[in-house]
1. What is the percent of Cα-Cα separations in region 86-126 that go past 13 Å?
2. Please state the equivalent ellipsoid semi-axes for the chain: what are the square roots of 5 times the Cα gyration tensor eigenvalues, largest first, in whole Å?
3. Run the numbers for LYS4 and GLU91: contour at 0.36 nm per residue of separation, minus the present Cα-Cα distance, in nm.
4. Report the gain in length on full extension from ARG84 to SER48: 0.36 nm times residue separation, minus Cα-Cα distance, nm rounded to one decimal.
5. Relative contact order (percent) for the chain, with alpha-carbon contacts under 8 angstrom and 6 or more residues of separation?
6. Computed FRET efficiency, Cβ-Cβ of SER100 and SER34, R0 22 Å: what is it to the nearest 0.05?
Amino acid sequence: MLEKDIHVLVCNYIRTKYPNVIFRTDFSSGMRMSIGMAKRHKSLQSHSAYPDLFIAEPRAGYCGMFIELKSKDNVIFKQDGTLRKNLHHEEQAKMLQMLSSRGYKAVFGLGYQDSIKQISDYLESD
């Protein structure tokens, strides 16, 4: 399943299962843009590694939740749980850490099932 498909399915899941939850996905991260549009889009961001999905619901001591959505076959971590060598993933992991240090739950979502589990665990926590 492609990342863009995961975005759609995850948004539909949240909208259906948690209709009062406020969220936003940055679907533009996977879109093809002209050079001019890409430059403009980049100029409107503080960082290029901003996560794909934000859930604006405080839970269990967190201010909200950020998820960097990835396709299931996108290998982010080694067997021992450490991050694989990949500049793009390293930048995303750094951003997730920066958001975590500011009081947000911030994680990678590896495929639809993993993303849904993490969202449900978060939204159903006290």
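We did not get these values from a lab; they are worked out from the coordinates using the rules stated. This one's a predicted model, so the numbers in the text were calculated from it and none came from an experiment. A quick note on method: Cβ atoms are made from the backbone with ideal geometry, for glycine too, and the neighbour counts reach across all protein chains shown.
1. Value for region 86-126 (Cα pairs over 13 Å): 60 percent.
2. 22, 18, 16
3. So the extension gain works out to 29.3 nm.
4. On the way: separation 36, 0.36 × 36 = 12.96 nm, distance 1.94 nm.
Once the chain is fully extended between ARG84 and SER48, it gains 11.0 nm.
5. Averaging sequence separation for qualifying contacts and normalising by length gives 28 percent for the chain.
6. 0.05
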